[in-house]
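K.L.:
For reference, the structure I am asking about is given below.
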Amino acid sequence: MNSTAIEQSALSLPKPDRAHLVHLLLDSLDDPSDTDIQELWLNAAKRRADEIDSGKVKLVSGQELERKVQTLFK
């Protein structure tokens, strides 16, 4: 089925069904692909590694992090 046939079929649907289809199609445009997600994670990891290497951020131990979190929730 080509896009013209799909368009014609979609346009022949009742209005509520067309609205539902529009909603599904628009939602599908917002979903990033697996490749996009992987690229975002890799960019974030590289940025964080660069921040650590440059000394922009200070690493803390797991124990220190636990103490800080407990302090925040007291």
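K.L.:
Would you mention how many residues in the stretch 36-54 are among the small types (G, A, S) and either touching a residue at least 12 places away in the same chain (Cβ under 8 Å) or exposed (fewer than 10 other Cβ atoms within 10 Å of the Cβ) (or both)? Outline the logic, then answer.
P.N.:
Initial filter on the stretch 36-54 (among the small types (G, A, S)): 44-45, 49, 54.
From what's left, either touching a residue at least 12 places away in the same chain (Cβ under 8 Å) or exposed (fewer than 10 other Cβ atoms within 10 Å of the Cβ) (or both): 54.
Number satisfying all stated conditions: 1.
K.L.:
Now a separate question. Tell me, yes or no, whether the stretch 49-63 has at least one residue that is in a loop (DSSP other than H, G, I, E, B), out of contact with any strand residue (DSSP E or B) (no Cβ under 9 Å at 6 or more places or on another chain) and of a type in the set (S, T, Y).
P.N.:
So far as the stretch 49-63 goes, yes, one or more of its residues are in a loop (DSSP other than H, G, I, E, B), out of contact with any strand residue (DSSP E or B) (no Cβ under 9 Å at 6 or more places or on another chain) and of a type in the set (S, T, Y).
K.L.:
Among the residues of the stretch 11-25, how many are among the basic types (K, R) and loosely packed, with under 10 Cβ neighbours inside 10 Å?
P.N.:
First, the residues of the stretch 11-25 that are among the basic types (K, R): 15, 18.
Applying the additional criterion that residues be loosely packed, with under 10 Cβ neighbours inside 10 Å yields 15.
Number of matching residues: 1.
K.L.:
Inspect the stretch 37-47 for any residue being farther than 30 Å from S3 by Cα and either in a loop (DSSP other than H, G, I, E, B) or touching a Cys at 6+ places or on another chain (Cβ under 6 Å) (or both) and give the result as yes or no.
P.N.:
Among the residues of the stretch 37-47, not one is farther than 30 Å from S3 by Cα and either in a loop (DSSP other than H, G, I, E, B) or touching a Cys at 6+ places or on another chain (Cβ under 6 Å) (or both), which makes the answer no.
K.L.:
Output the number of residues of the stretch 26-35 satisfying the condition of being part of a helix (DSSP H, G or I) and surrounded by 10 or more Cβ atoms within 10 Å (Cβ to Cβ). Talk me through it step by step, then tell me what you get.
P.N.:
So in the stretch 26-35, the residues part of a helix (DSSP H, G or I) come out as 26-30, 34-35.
Subset that is surrounded by 10 or more Cβ atoms within 10 Å (Cβ to Cβ): none.
Qualifying residue count for the region: 0.
K.L.:
Please tell me if V57 is surrounded by 10 or more Cβ atoms within 10 Å (Cβ to Cβ), under 24 Å from the mean Cα position of the chain (by Cα) and of a type in the set (V, I, T).
P.N.:
no
K.L.:
Enumerate the pairs (first residue in the stretch 4-18 and of a type in the set (D, E, K, R); second residue anywhere and surrounded by 11 or more Cβ atoms within 10 Å (Cβ to Cβ)) with beta-carbon separation below 9 Å, excluding pairs fewer than 6 apart on the same chain, so at least 6 apart or on different chains.
P.N.:
Within 9 Å, the pairs are D17/A10; R18/A10.
Computed from the coordinates by the stated procedures, all read-outs in this text should not be read as laboratory data. Predicted model only: the values in this text are computed from it and were never measured. No Cβ is skipped: glycine too gets one built from the backbone with ideal geometry, and neighbour counts run over all protein chains shown.
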